[in-house]
Amino acid sequence: MFNANINKVEKVEGSNIFIFQYADSNGNTTEERKSLEEFLKPFIESYLEQITLLKEQLSVQKALIKEKEENKTYLNKEVLSLSQKIQIQEEEKQRRIAQIKHLLQEVSGKDLIDETSLYKEAFNLFIEEKIEDALLVLSEAKLQEAEHKTKEKNKKRSEAIENDNRKLAQNRILKAQLLRIKHNYEEAGENYEKAVELYESYDTCFEAAYYFEFLNNYNKAENYYQKCLVKTSSKEQKAAILNNLGNLQSDQNEYTKASASYEEALSIRRALAAENPQTYLPGVGMTLNNLAVLQRAQNEYVKASASYEEALSIRRALAAENPQTYLPGVGMTLNNLGNLQRAQNEYAKASASYEEALEIYRPLAVENPQTYVPYVAHTLNNLGNLQRAQNDYAKASASYEEGLSIYQALAAENPQTYLPDVGMTLNNLANLQRNQNEYANASASYKEALEIYRTLAAENPQTYVPYVAGTLNNLGILQSNQNEYAQVSASYKEALSIYRALAAENPQTYLPDVGMTLKNIAIFYQESQIDKELSLQYIEEAITILVPFQEIGYIQNYLKEAFLVLLNWDIDVETWIKEKFPNNEEE
């Protein structure tokens, strides 16, 4: 390291090289060139060491249980625990890389000599990998003292206020960025907000908005993006902010607002792309894809189809010129379009979309398996669902089996990430096997999926306990078909117990599942282990729970099945409804 202070950071255009310029007290400058990878290495060294150690432990554990567990080492709790620890370290490493890259990009091209002495001292320490020391320089006491002195000074020098406030805000931004690297998110947020209070510019508002979006603090993120909107200096800036706002609003189910944001962003980007397609056409494709996702969520299938088709056309054209950058986006849009077409029962079109997506992902997976093999498996699962809906059971089975083999191989290396996908594909395969009356195979698939979900739920109950209940419910249907009455009752009642507990915490989400399971139990006591009293007891509670949700399409199907139970017991449904729901005007 040079005996001088950092003066400027410049990124070499089109590369991952940064030039660090230093100046000594006499004004002499020296430059040092570093690749991003070289700069990052000391910041992530501890993560790499920990990951290496954990992977060694994982290899030892797998070797110990390989013969006993055969190819299902991923179900071992110790393997799962070690894998989870590796994933946490990997995610922390990637977060640190992203945060340091963001900090470097923010300062790139800026003349740091104009910043405050606190900023320069702290930034020098950051360059030397001394983040804790840099944060001591930017302590709250020192920052408040500097802000107080500047405020007193500017009482007499009003013309200097704006520039001084900008510098003070930069102190706060730098501190917030360093705190992010240390995962001190609450204090980082406080410093972003103080930066905006000191100097409310586009840059400070965007930094704050981007940060609170990262935290999923939608209200604060939207507030700062709205501030950005009135401070934009270019049309592309405005379009980017509108697109981000649309994403936030969509995530909060504010569909009308999100649609307006996307539409305005799209209008701006279309106009920019008409003048400079090479620069702005990718943005048009991205916004169209976001808009299509929103339209599909609103069941506006015709509009969503048009948006996906236009996005696909744009991405095809871009991929023709630059396949390395844009071909994966073509595959993603085809997969999304296939899902939409399947939902519209346009099976031939959906099949063509999925097949083309697979044609894109398979060669990409050969070149870069770590990135694209999961996309192959995901698309195969979607294709299998389509083929099953078409009663093309042989093809569906082949798609599920290939997807399952991929996910099992991925889960053997990284169960924390891919074990849920193994469970999902097994569940889908079991549904297919049940449709084909392959009861023994279906039972084995459901039970393996259930074992996976129970293992995952032991580590993360909030996420995976609902999957345990869903698989138990499916297994109960199969056992009913096989006349395994004692097992049916046990599966349904465990599923019901889980759903009741979940509904106690989150009724809007899980009460329909309680109603669905009660309906299935009522059908079981009507068709299999006949008991009219129990059947009517369960169906009455099911209908009572489901009626408040009757505007939802799939709930209407549940209610039709529930009313059929009443009819099969020779009960007049209309009379029964009037007696049970005297204030309900609709059936």
Count - residues of segment 348-360 that are closer than 17 Å to Y400 by Cβ and not charged (D, E, K, R): 5
Restricting to strands (runs of 3 or more DSSP E) lying wholly in segment 1-40: which have 1 or more residues that are among the acidic types (D, E) and touching a residue at least 60 places away in the same chain (Cβ under 8 Å)? 5-11
Taking segment 19-34 and keeping residues open to solvent by less than 30 Å² (accessible area, probe 1.4 Å) and either under 24 Å from L179 (Cβ atoms) or not hydrophobic (A, V, I, L, M, F, W, C) (or both) leaves F20, Y22
Do the conditions hold for L429, that is, is it among the hydrophobic types (A, V, I, L, M, F, W, C), within 25 Å of V488 (Cα to Cα), in contact with a helix residue (DSSP H, G or I) (Cβ under 8 Å, 6 or more places away or on another chain) and at pLDDT 95 or above? yes
Restricting attention to segment 87-119, report how many residues are free of Cβ contacts under 8 Å to residues at least 60 places away in the same chain and either open to solvent by 40 Å² or more (accessible area, probe 1.4 Å) or more than 34 Å from the chain's Cα centre (by Cα) (or both). 12
Screening A444, A449, A430, A457 for residues that are open to solvent by 30 Å² or more (accessible area, probe 1.4 Å), of a type outside the set (K, R) and assigned to a helix (DSSP H, G or I) leaves only A444
Check segment 405-416 and report whether any residue there is more than 16 Å from Y375 (Cα to Cα) and more than 22 Å from the chain's Cα centre (by Cα). yes
Every listed condition ((1) more than 21 Å from N428 (Cα to Cα); (2) open to solvent by 20 Å² or more (accessible area, probe 1.4 Å)) holds for D513 save (1)
Please go through (1) touching a residue at least 12 places away in the same chain (Cβ under 8 Å); (2) within 22 Å of E121 (Cα to Cα) for H148 and return the number of the only condition it doesn't satisfy. (1)
With the condition being aromatic (F, W, Y), I'd like the helices (runs of 4 or more DSSP H) fully within segment 179-279 carrying at least 3 qualifying residues. 202-214, 218-229
Please go through segment 234-255 and pick out each residue that is surrounded by fewer than 20 Cβ atoms within 10 Å (Cβ to Cβ) and touching a Gly at 6+ places or on another chain (Cβ under 9 Å). E236
Whether any residue in segment 560-576 is in contact with a Pro (Cβ under 8 Å, 6 or more places away or on another chain) and touching a residue at least 24 places away in the same chain (Cβ under 8 Å) is what I want to check. no
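One line per residue, one yes/no per condition, for (1) at pLDDT below 90; (2) open to solvent by less than 60 Å² (accessible area, probe 1.4 Å); (3) small (G, A, S):
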position: R157; (1), (2), (3): yes, no, no
position: N163; (1), (2), (3): yes, no, no
position: Q177; (1), (2), (3): no, yes, no
position: E190; (1), (2), (3): no, no, no
position: E193; (1), (2), (3): no, yes, no
position: V196; (1), (2), (3): no, yes, no
What residue, of L272, L229, is closer than 19 Å to S307 by Cβ, of a type in the set (A, V, I, L, M) and without any contact (Cβ under 8 Å) to a residue 60 or more places away in the chain? L272
Only residues that are of a type outside the set (S, T, Y), closer than 22 Å to K447 by Cα and either surrounded by 11 or more Cβ atoms within 10 Å (Cβ to Cβ) or modelled with pLDDT of 85 or more (or both): list them for segment 73-86, please. L75, N76, E78, V79, L80
Mind checking which residues of segment 198-226 are in contact with a Cys (Cβ under 6 Å, 6 or more places away or on another chain) and either over 19 Å from L242 (Cβ atoms) or surrounded by fewer than 19 Cβ atoms within 10 Å (Cβ to Cβ) (or both)? Y202
Of the conditions (1) on the phi > 0 side of the Ramachandran plot; (2) at pLDDT 85 or above, the single one that E70 does not satisfy is (2)
Starting from residues that are among the polar types (S, T, N, Q), surrounded by fewer than 21 Cβ atoms within 10 Å (Cβ to Cβ) and part of a helix (DSSP H, G or I), keep the ones in segment 311-335 and report whichever is nearest to the chain's Cα centre (by Cα). T325
Quick check: anything in segment 468-486 without any contact (Cβ under 8 Å) to a residue 12 or more places away in the chain and either assigned to a helix (DSSP H, G or I) or not β-branched (V, I, T) (or both)? yes
Inspect all residues belonging to segment 533-543 and state whether any of them is touching a Pro at 6+ places or on another chain (Cβ under 8 Å) and assigned to a helix (DSSP H, G or I). no
Of all residues in segment 502-514, which are free of Cβ contacts under 8 Å to residues at least 24 places away in the same chain and more than 21 Å from E540 (Cβ to Cβ)? E505, N506, Q508, T509
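The rows are residues; the columns are (1) farther than 19 Å from R362 by Cβ; (2) in a helix (DSSP H, G or I); (3) in contact with a Gly (Cβ under 8 Å, 6 or more places away or on another chain); (4) open to solvent by 30 Å² or more (accessible area, probe 1.4 Å).
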site: Y400; (1), (2), (3), (4): no, yes, yes, no
site: G403; (1), (2), (3), (4): no, yes, yes, no
site: Y407; (1), (2), (3), (4): no, yes, no, no
site: Y418; (1), (2), (3), (4): no, yes, no, yes
Which of (1) at pLDDT below 85; (2) open to solvent by 80 Å² or more (accessible area, probe 1.4 Å); (3) closer than 30 Å to I452 by Cβ; (4) among the acidic types (D, E) does E56 not meet, given it meets every other one? (1)
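The values are calculated or read from the model by the stated rules, or taken from the named source; none is laboratory data. Worth saying up front: this structure is predicted, and the values here are computed from it rather than measured. Using ideal geometry, Cβ is built from the backbone for each residue, glycine included, and neighbour counts are taken over all protein chains shown. To get the accessible areas, we keep the full protein, side chains included, count just its heavy atoms, and leave off ligands, DNA and RNA. Shrake-Rupley method; radii C 1.70, N 1.55, O 1.52, S 1.80 Å.
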